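Written below as structure tokens is the structure these notes are about.
Readers should treat all values here as calculations from the given coordinates under stated rules, not as data from a laboratory. Worth saying up front: this structure is predicted, and the values here are computed from it rather than measured. We place every Cβ from the backbone using ideal geometry, glycine too, and count neighbours over all the protein chains shown.
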Amino acid sequence: MTKMTTITNVEFGKMINAAAAALAANADTINKLNVFPVPDGDTGTNMSLSMASGAQYERDALDTDISTLAKATSKGLLMGARGNSGVILSQIFRGFSNSVEGKKTLSARDLADALMSGAQVAYKSVMKPTEGTILTVIREAASKANKVADETDDLVNLMHAVNEAAQIALASTPDLLPVLKQVGVVDSGGQGLVFVLQAFYQVLSGDFNEADLKTPDNAELDQMVKELHAGAQANSHLDPQSIEYGYCTEIMVQIAKGTTYDHEFDYETFYHHLSQLGDSLLVINDDEIVKVHVHTENPGEILRWGTHFGSLVKVKVDNMRDQQQAVIDAQRTEEAQMAKMAAAAVPASDTAVIAISSGDGVAELFKSLGVHTVISGGQTMNPSTADIVDAIKATGAKSALILPNNSNIFMAADQAVDLADIPVCVVKTRTVQQGLTAMMGYNPEAKLSDNADEMASVMLDVKSAQITKAVRDTKLNDMIIKHGDWMGILDGEIEVVTKKLLDAASQSVAKMIDDDSEIVTIIYGENTNQKDAEKLQEAVLALNDGLEVEIHNGKQPLYPFLISVE
């Protein structure tokens, strides 16, 4: 194994992009580690999109020292962070970036210090750190790095030890968090971090290859590159003429085919030559195809180099300077339109309310109660920090309130508060039903803090149930759950499991109502209808004919019924 004592910009770029590729390739695997067998397990998706944004920023950075690249990666992760796992990942890289500030390259000690800083910042970012999670994995990995850096200057040995420590820590998560052991899974966020650190080690050891992740066909390779670009944030302040390498060039080469083929394919040789011709280089290959993405001033040389190794089957060249100017022009137009709409909808002195939810009908319910902006997402796709910041800005208000309506959005919302240009408060609503109830406490004339306090108090008056179908077999809290069973999730806990949808819904209501209950609200989703909701209404009134029942078409995906009791 070749010894390595210095990480340059080339290795660092490979590490970040390899981590993004690893998370993209394994997103579904991570998603399936969700404790609840619900159809919207999204830890892998969130971490993949978050890391993809970080990698995009790293590729777009205009300097080549580690300090600048790490800062760009951190910024990209911050803006693209989705879900609590994505936010914690962004905090790890924020600490990493803080530690390497001013450094052009990294030694083993520098890398260990950066990982230690990443762990410390990640722990501080969580109000009540929980062991048996991604935090445990980064702490143990960083601790190992710190010890090994005292013994060797070899980065390969250090990352090998870090990788092993991370996997041991991941294996221990079920012993630290009982619910993981009960369900028989390791922590999903911790698994995502292991893929990141494993990719770092594979790059430094020279073992990284997409085929090590899985054996992708051409369609999967296309999707992998697409996901690596997902979450990219256009920089509307970048002067097009300041772009050093102006042509985004992509080629696909069929290895060892065609009349121009005269070089046996070797990844390191192929990659090294291209690395001298530009930046933002990404090379992906299997046994038959090699794909290249690079920013360069000489697209012709990229094509010429590719033809030595086989036949060109795809070529794409974009002028990024022209594209950037188009982005600037389009964004200026969009901002002007949004400002005009915001000014008409929200007086500048008002406090705007931003809610996050899925389903056009649910969005209309929120707007009917006074919500100014609804960000599409929540159960099916958590919005990024940048999505929330943009929504705040678009209101044109002097202050804003955020209703996440999902605990997995809390941390991204908190980050948006720090990045917003106006005062913002987050009302920690965990469900759509809590969010709708919280709006009963909203007063457009009240101060921001008073509104936040009142809304947080009012939302506690509602009980929430989400009805959905299990996507896998599991055992949780002594309940045997089979794939296809209907579950009633009451305020975050699975309390009902049945074979029929209406049974799950009616039994959930039965568990929520008591002598003080007055109103039951049924919001039916896109896979149910008014007749199903009316049947549920009949079942509710059979439990207590003194209850008032309201029915709304929420059009939400995955959850046929959202039910509240007040």
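Note the angle between two axes, namely the Cα long axis of helix 530-543 and the longest principal axis of the Cα atoms of the chain, as a number of degrees from 0 to 90, rounded to the nearest 10. Once rounded, one gets 50 degrees. Among beta bridges identified by DSSP and lying wholly in the chain, the antiparallel ones come to about 75 percent. Label-to-label distance for residue 264 and residue 376 is 5.2 nm, based on points extended 7 Å past Cα in the beta-carbon direction.
Long-range amide H contacts for residue 375: which residues qualify at under 5 Å (H placed 1.01 Å from N, peptide plane, sequence gap of 5 or more or a different chain)? Those lying under 5 Å, H to H, from residue 375 are 355, 356, 357. For segment 388-400, backbone phi angles converted through the Karplus equation (6.51, -1.76, 1.60; θ = phi - 60°) give residue-by-residue couplings of 6, 4, 4, 5, 4, 4, 5, 5, x, 7, 8, 7, 8 Hz, Gly and Pro being listed as x. Quick one: net charge around residue 470, please, counting Lys, Arg +1 and Asp, Glu -1 for every other residue with C-beta under 10 Å from its C-beta. Local net charge: +1.
Computed from point charges on the beta carbon alone (+1 for Lys and Arg, -1 for Asp and Glu), the dipole magnitude for segment 9-229 about its Cα centre is near 680 Debye. Please find the FRET efficiency linking residue 181 to residue 147, where r is the Cβ-Cβ separation and R0 is fixed at 41 Å, and quote it to the nearest 0.05. Rounded to the nearest 0.05, the efficiency is 0.90. Of 305, 486, the sequence from fewest to most neighbouring Cβ atoms within 10 angstrom is 305, 486. Its relative contact order, with pairs defined as Cα atoms under 8 Å and 6+ residues apart, puts the chain at 12 percent. Each of 320, 92, 2 was placed along the dipole of the chain (beta-carbon charges, centred on the mean Cα), and the one lying farthest toward the positive end is 2. Taking 0.36 nm per residue of separation and subtracting the current Cα-Cα distance, fully stretching the chain between residue 534 and residue 503 would add 9.8 nm. Over segment 346-454, the fraction of Cα-Cα pairs per 10 Å bin, rounded to whole percents and listed from the shortest bin up, is 17, 55, 28, 1. What does the charge count around residue 194 come to, taking other residues whose C-beta lies under 12 Å from its C-beta (Lys +1, Arg +1, Asp -1, Glu -1)? Here the charged neighbours net out to -3. Compared with the dominant principal axis of the Cα atoms in the chain, helix 83-99 is inclined by about 40°. Residue-wise HN-Hα couplings along segment 293-300, as the Karplus relation 6.51 cos²θ - 1.76 cosθ + 1.60 with θ = phi - 60° gives them from phi, are 10, 7, 9, 8, 9, 9, x, x Hz; Gly and Pro carry x. The H on the amide N of residue 402, modeled in the peptide plane, is under 5 Å from the matching H of 354, 425, 426, 427, each at least 5 residues off or on a different chain. Neighbours of residue 281, meaning other residues whose beta-carbon lies under 9 angstrom from its beta-carbon, give a summed charge of +1 when Lys and Arg score +1 and Asp and Glu score -1.
Under a model in which nothing but the beta-carbon of Lys, Arg (+1) and Asp, Glu (-1) is charged, the chain shows a dipole of about 200 debye around its Cα centre. Listed by Cβ neighbour count within 10 Å, with the fewest neighbours leading, 272, 160 appear as 272, 160. Compared with the dominant principal axis of the Cα atoms in the chain, helix 188-205 is inclined by about 0°.
Near the amide H of residue 468, within less than 5 Å, lie the amide hydrogens of 487, 489, all on another chain or at least 5 residues away, with H placed in the peptide plane.
Restricting segment 13-66 to trypsin sites (Lys or Arg not before Pro) that sit in a DSSP loop and have at most 16 other Cβ atoms within 10 Å of their own Cβ leaves 32. Among 469-481, 88-100, 418-430, 382-394, the peptide with the highest mean count of other Cβ atoms within 10 Å heads the list, and the full ranking is 88-100, 382-394, 418-430, 469-481. Over the Cα atoms of segment 397-442, the radius of gyration divided by the Kirkwood radius equals 0.98; this is the Rg/Rh ratio.
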